[in-house]
Amino acid sequence: MAAIINPWEMATCLSTIDVHKERLMSEMMKAVRLHAFGGPEVLRYEDAPRPALAAGEVLVRVHAIGLNPPDWYLRDGYRSLPPDWHPNPTFPLILGSDVSGVVAAVAQGVEGFSVGDEVYAMVRFPDDVMEGSKAYAEYVSVPASHLARKPDGLDHIQAAGAPMSLLTAWQFLIALGHDAPNPFQSFPHAPVPLEGKTVLVNGAGGGVGHLAVQLATWQGARVIAVASGYHEKLMAEFGVDQFIDYAKTAADEVVRDVDVVLDTVGGAETGRFLRTLKRGGALFPVYPLGFTGQGDAEALGITVSTTQVRSNGAQLTQAARLLEEGRVRVVIDSTFPLAEAARAHERAARGNIQGKIVLTVV
């Protein structure tokens, strides 16, 4: 004899299933994850668990994500680094560190942020650099100390393009802002006062470069911008004092008596800028690996110094004022939906980026 199902029991059962499904869905999000190292094609847009909040953290509903070189370095397994520096992460992992969005939840004890606040941040960098800082997602948990209010007047795309590049330029040129050990040298990096000085920025059209040019100008420096001719018009808008198209002229052959060189390209070729500097000057390579000219620098009386950019919400709060006032502007090269992160990485691989590439989240 067939069992008779009570309609009320069936309704209750279906309701329970719906509630369970809704709860399960509320604990998930869309993210771009990496299951193995490789080219842009290894980036997968898929479901992932929504992050849980730990003490001192804020949950951010992400609206935009800024791309940075560490994203594609990690995606590729940091193959450009020495073998003993290669990461051994637990897959799957989520790339990215720069976000702009809205506060969705606040852990107990966190002060200064409330649900609904518009915020921006560089998340857990470099602490999670080898495991991914988890920004390529609809939600990300952020230590409150890494977070700042989004600058008024900037949309989320512009704000997401700022954090790592702006903090890099700030910590090299304005104030270091932390006392963490320097992984590249035995002494802490020390910015020098820029007012009245001549500053050369190599790679001036890129993410760090275009912000460094503006910060140096704000500080009252005479600025020489070195980039491809594609960026000349933008540099004129920023009011640089001299522009050098590296495809036509080698800056190290025509420039002399510079006080500070910020080389955002760096690497083995950064040593050529030693001849542009006056005695007592400073060479700041953003990417110091491969530089072998320390002996030459000492003989010329030049300080060579670098640092590792670190998350710093207080500095982003300071910089927000400049962004709000229009003294510093974030230039956007291109935008892509989060689901098309692979295309964004392909754009980065083509080079000659003006400003920042940003992912958007619906």
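The values are calculated or read from the model by the stated rules, or taken from the named source; none is laboratory data. Predicted model, so just to flag it, every value in this text is computed and none were measured. When we count neighbours, we look across all protein chains shown, and the Cβ atoms used for this are built from the backbone with ideal geometry, even at glycine.
With respect to the conditions (1) closer than 30 Å to Trp85 by Cβ; (2) buried (at least 22 other Cβ atoms within 10 Å of the Cβ); (3) touching a Gly at 6+ places or on another chain (Cβ under 9 Å), Leu323 lacks only one, and its number is (1).
Suppose the filter is outside the structural domain of Gln185 (by TED's automatic domain parsing), farther than 20 Å from Val62 by Cβ and among the acidic types (Asp, Glu); does Glu324 pass it? Spelling it out, Glu324 is indeed outside the structural domain of Gln185 (by TED's automatic domain parsing), farther than 20 Å from Val62 by Cβ and among the acidic types (Asp, Glu). Does the stretch 71-91 contain at least one residue that is surrounded by 15 or more Cβ atoms within 10 Å (Cβ to Cβ), in contact with an Asp or Glu (Cβ under 8 Å, 6 or more places away or on another chain) and either without any contact (Cβ under 8 Å) to a residue 12 or more places away in the chain or farther than 21 Å from Pro49 by Cβ (or both)? Checked against the condition, which is being surrounded by 15 or more Cβ atoms within 10 Å (Cβ to Cβ), in contact with an Asp or Glu (Cβ under 8 Å, 6 or more places away or on another chain) and either without any contact (Cβ under 8 Å) to a residue 12 or more places away in the chain or farther than 21 Å from Pro49 by Cβ (or both), the stretch 71-91 yields at least one hit.
Does Ala216 satisfy being crowded, with 24+ Cβ neighbours inside 10 Å and either more than 19 Å from the chain's Cα centre (by Cα) or not in a loop (DSSP other than H, G, I, E, B) (or both)? Can you show your working first?
Values: crowded, with 24+ Cβ neighbours inside 10 Å: yes; either more than 19 Å from the chain's Cα centre (by Cα) or not in a loop (DSSP other than H, G, I, E, B) (or both): yes.
Judged against the criteria, Ala216 is a match.
Does the stretch 35-61 hold any residues that are outside any loop (DSSP other than H, G, I, E, B), in contact with a helix residue (DSSP H, G or I) (Cβ under 8 Å, 6 or more places away or on another chain) and closer than 28 Å to Glu346 by Cβ, and which are they? Answer for the stretch 35-61, where residues must be outside any loop (DSSP other than H, G, I, E, B), in contact with a helix residue (DSSP H, G or I) (Cβ under 8 Å, 6 or more places away or on another chain) and closer than 28 Å to Glu346 by Cβ: Pro40, Glu41, Val42, Leu43, Tyr45.
Take Ala247 and tell me if it is in contact with a helix residue (DSSP H, G or I) (Cβ under 7 Å, 6 or more places away or on another chain), within 30 Å of Ala320 (Cα to Cα) and not hydroxyl-bearing (Ser, Thr, Tyr). In short, no. The set of residues in the stretch 112-123 that are part of a loop (DSSP other than H, G, I, E, B) and either free of Cβ contacts under 8 Å to residues at least 12 places away in the same chain or closer than 17 Å to Pro69 by Cβ (or both) comprises Ser114, Val123.
Name every residue in the stretch 94-112 that is surrounded by 14 or more Cβ atoms within 10 Å (Cβ to Cβ) and either at pLDDT below 95 or charged (D, E, K, R) (or both), in order of residue number. Scanning the stretch 94-112 gives a single hit, Asp98. Can you say whether Gly205 is assigned to a helix (DSSP H, G or I) and surrounded by 20 or more Cβ atoms within 10 Å (Cβ to Cβ), as far as the supplied structure shows? Answer is no for this residue.
The requirement of being among the charged types (D, E, K, R) and within 17 Å of Ala339 (Cα to Cα) is satisfied by Asp71.
Does Phe336 fit the bill of being assigned by TED's automatic domain parsing to the domain that holds His189, crowded, with 18+ Cβ neighbours inside 10 Å and among the hydrophobic types (A, V, I, L, M, F, W, C)? Let's see the steps before the verdict.
Values: assigned by TED's automatic domain parsing to the domain that holds His189: no; crowded, with 18+ Cβ neighbours inside 10 Å: yes; among the hydrophobic types (A, V, I, L, M, F, W, C): yes.
Taking the combined requirement at face value, the residue does not satisfy it.
Figure legend. Inter-residue proximity from the stretch 289-304: first residues touching a residue at least 12 places away in the same chain (Cβ under 8 Å), second residues in a loop (DSSP other than H, G, I, E, B) and surrounded by fewer than 19 Cβ atoms within 10 Å (Cβ to Cβ), beta-carbon distance below 7 Å, spacing 6+ or different chains. Indicated pairs: Leu289/Gly267; Gly290/Gly267.
Applying the condition of being part of a helix (DSSP H, G or I) and not hydrophobic (A, V, I, L, M, F, W, C) to the stretch 133-147 and asking which residue is farthest from Arg44 (Cα to Cα) yields Ser145.
Considering only strands (runs of 3 or more DSSP E) fully contained in the stretch 258-362, which possess at least 2 residues that are basic (Lys, Arg)?
It comes to 277-285.
If you check Gln318, Gln294 for being polar (S, T, N, Q) and over 18 Å from the mean Cα position of the chain (by Cα), only one passes: Gln294.
Report yes if some residue within the stretch 260-276 is at positive phi and either touching a Phe, Trp or Tyr at 6+ places or on another chain (Cβ under 8 Å) or in the same structural domain as Ala212 (by TED's automatic domain parsing) (or both); otherwise report no. Explain how you work it out, then say what you get.
So in the stretch 260-276, the residues at positive phi come out as 266-267.
Narrowing further to those that are either touching a Phe, Trp or Tyr at 6+ places or on another chain (Cβ under 8 Å) or in the same structural domain as Ala212 (by TED's automatic domain parsing) (or both): 266-267.
For the stretch 260-276, residues at positive phi and either touching a Phe, Trp or Tyr at 6+ places or on another chain (Cβ under 8 Å) or in the same structural domain as Ala212 (by TED's automatic domain parsing) (or both): present.
There is no residue in the stretch 229-249 that is under 18 Å from Lys278 (Cα atoms) and under 25 Å from the mean Cα position of the chain (by Cα). Taking the criterion of being touching a His at 6+ places or on another chain (Cβ under 9 Å) and either of a type in the set (A, V, I, L, M, F, W, C) or on the phi > 0 side of the Ramachandran plot (or both), the residues of the stretch 102-129 that qualify are Val102, Ala121, Met122, Val123, Arg124, Phe125.
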